[in-house]
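Reviewing the structure listed below.
The values are calculated or read from the model by the stated rules, or taken from the named source; none is laboratory data. Being a predicted model, the structure only gives us computed values, none of them experimental. For neighbour counting, all protein chains shown are included, and Cβ atoms are generated from backbone atoms with ideal geometry for every residue, glycine included.
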Amino acid sequence: MWWFQSPKIAFGEDSLEALKELEGKRAYIVTDKVIRSLGYVDIVSKYLNEAGFNVEVFDEVKPEPSIEDIIVGAERLSIFSPDWIIGLGGGSCMDTAKAMWVLYERPDIKLADISPLLKLGLRKKARLVCIPTTSGTGSDASWVMVITDESQHFKMELASRELYPDISIVDPKLTLSMPKKLAAYTAIDALINAIEAYVLQWKNDFSDALAIKAAQLIFKYFLRVYKIKEDEEAREKMHNAATMAGLAYSNSQVGVAHSLGHAFGAVFKIPHGLATGVFLPYSIEFNAKESAERYWELAEAIGIKAESAEEAVVKLVAAVKELMKKVELPLSIKEMGIKWEDYLSKLDDLVMKAEMSTCNFVNPRVPTSEDLKRLFIYAFEGRSVDF
């Protein structure tokens, strides 16, 4: 038996109106200073005020949120004692909101102890709304949060089915201020979520449908958004695609591109989308020995014609690389300006951290430590995987 889970999702034009339907007295917005400077906090607060809420804001979320920052935020959250917590922003803001929510409800536990096996008993004090302002992580539709342990330079992959937001508000107008570079990082993240969800061992009919649709929308609309961010249709489709990909991987999982990317991002302090994106072509080539037929199906779904599964994998990798080139994403770690000597000195640490990732064991081809080491080296060199 398997479960499909999803938040209640409001999407499309003026979906922020859904905030007026919330019932309660106090709402706590978790965001960062950039989102606040763009006026989005004021917009959300206005809707909440109209619904009768007293609103307080925590705007100190940092990229790649740390345990220490979350503890500080949770202490302030507890003083305000809200009925609703609103995660407003990119993946870091939404993951921080989830983590603060857990500590607000369960101050007796440590974040590192969160797992699908631990009953948290959330929603006794508050419920959660996530409002993404980027089209990428899918955190608004997932039961996962990624929190950085700065002392260990390690990204913790924390998951509990209780962490699904109660409501996800997918309003495309909130993406209008995304810089092109951020749009590229987040779009490749959404694409990885969709592709990995479709080939992993926990794939299923429900996640398959969302993964395919998300991949189709990303390949069709992302370049339009990248070239003309005022393209309203393309922005809406990309925003929907990111949440669909989030739903897909939340009901399937993510794989080796994420285990490599989480390790790489933590050690070299690289933004999540960029850190995972550089590994996407190599992960497809690595997994093809076990999932070539699945990649063939996915390739056909996005309009790639091939006479065999092997040809489809080659063409899919080429299509991914071409998309990455067009949005100025690096195709190798070397292109990111990291020197081989620095990389080599941290290679063992990268492998160790990647080995600890829960993403590996559901990957279609479960990597050994030697596989992970070779993938890190091949991705540095930009070399096609031949093992």
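So here's what we get for this one:
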{"read-out": "Val55 at pLDDT 95 or above, in a helix (DSSP H, G or I) and among the aliphatic types (A, V, I, L, M)", "value": "no"}
{"read-out": "Failed condition for Ile70, given (1) outside any loop (DSSP other than H, G, I, E, B); (2) under 19 Å from Ser15 (Cβ atoms)", "value": "(2)"}
{"read-out": "Every residue from segment 330-350 that is out of contact with any Asp or Glu (no Cβ under 7 Å at 6 or more places or on another chain) and either of a type in the set (Lys, Arg) or touching a residue at least 40 places away in the same chain (Cβ under 8 Å) (or both)", "value": "Pro330, Leu331, Ile333, Glu335, Met336, Ile338, Lys339, Trp340, Lys346, Asp349, Leu350"}
{"read-out": "Matching entry among Lys124, Lys155, Lys110 (being surrounded by fewer than 17 Cβ atoms within 10 Å (Cβ to Cβ) and in contact with a helix residue (DSSP H, G or I) (Cβ under 8 Å, 6 or more places away or on another chain))", "value": "Lys124"}
{"read-out": "Residue in segment 191-206 that is at pLDDT below 95, touching a Leu at 6+ places or on another chain (Cβ under 7 Å), of a type in the set (A, V, I, L, M) and in the same structural domain as Glu328 (by TED's automatic domain parsing) present", "value": "no"}
{"read-out": "The listed residue being closer than 14 Å to Ala379 by Cβ, touching a residue at least 12 places away in the same chain (Cβ under 8 Å) and either touching a helix residue (DSSP H, G or I) at 6+ places or on another chain (Cβ under 8 Å) or acidic (Asp, Glu) (or both), out of Val313, Val327, Val278, Val254", "value": "Val278"}
{"read-out": "Complete set of residues in segment 97-122 that are in a helix (DSSP H, G or I) and within 20 Å of Thr358 (Cα to Cα)", "value": "Lys98, Ala99, Leu111, Ala112, Asp113"}
{"read-out": "Answer residue from segment 164-200, given it is among the aromatic types (Phe, Trp, Tyr) and either in a loop (DSSP other than H, G, I, E, B) or out of contact with any Phe, Trp or Tyr (no Cβ under 9 Å at 6 or more places or on another chain) (or both) and is surrounded by the most Cβ atoms within 10 Å (Cβ to Cβ) among those", "value": "Tyr185"}
{"read-out": "Complete set of residues in segment 12-28 that are surrounded by 14 or more Cβ atoms within 10 Å (Cβ to Cβ), within 24 Å of Met238 (Cβ to Cβ) and either in contact with a Phe, Trp or Tyr (Cβ under 8 Å, 6 or more places away or on another chain) or not assigned by TED's automatic domain parsing to the domain that holds Ala126 (or both)", "value": "Leu16, Leu19"}
{"read-out": "Only listed residue being in contact with a Lys or Arg (Cβ under 6 Å, 6 or more places away or on another chain), modelled with pLDDT of 95 or more and surrounded by 13 or more Cβ atoms within 10 Å (Cβ to Cβ), chosen from Val385, Val351, Val366", "value": "Val351"}
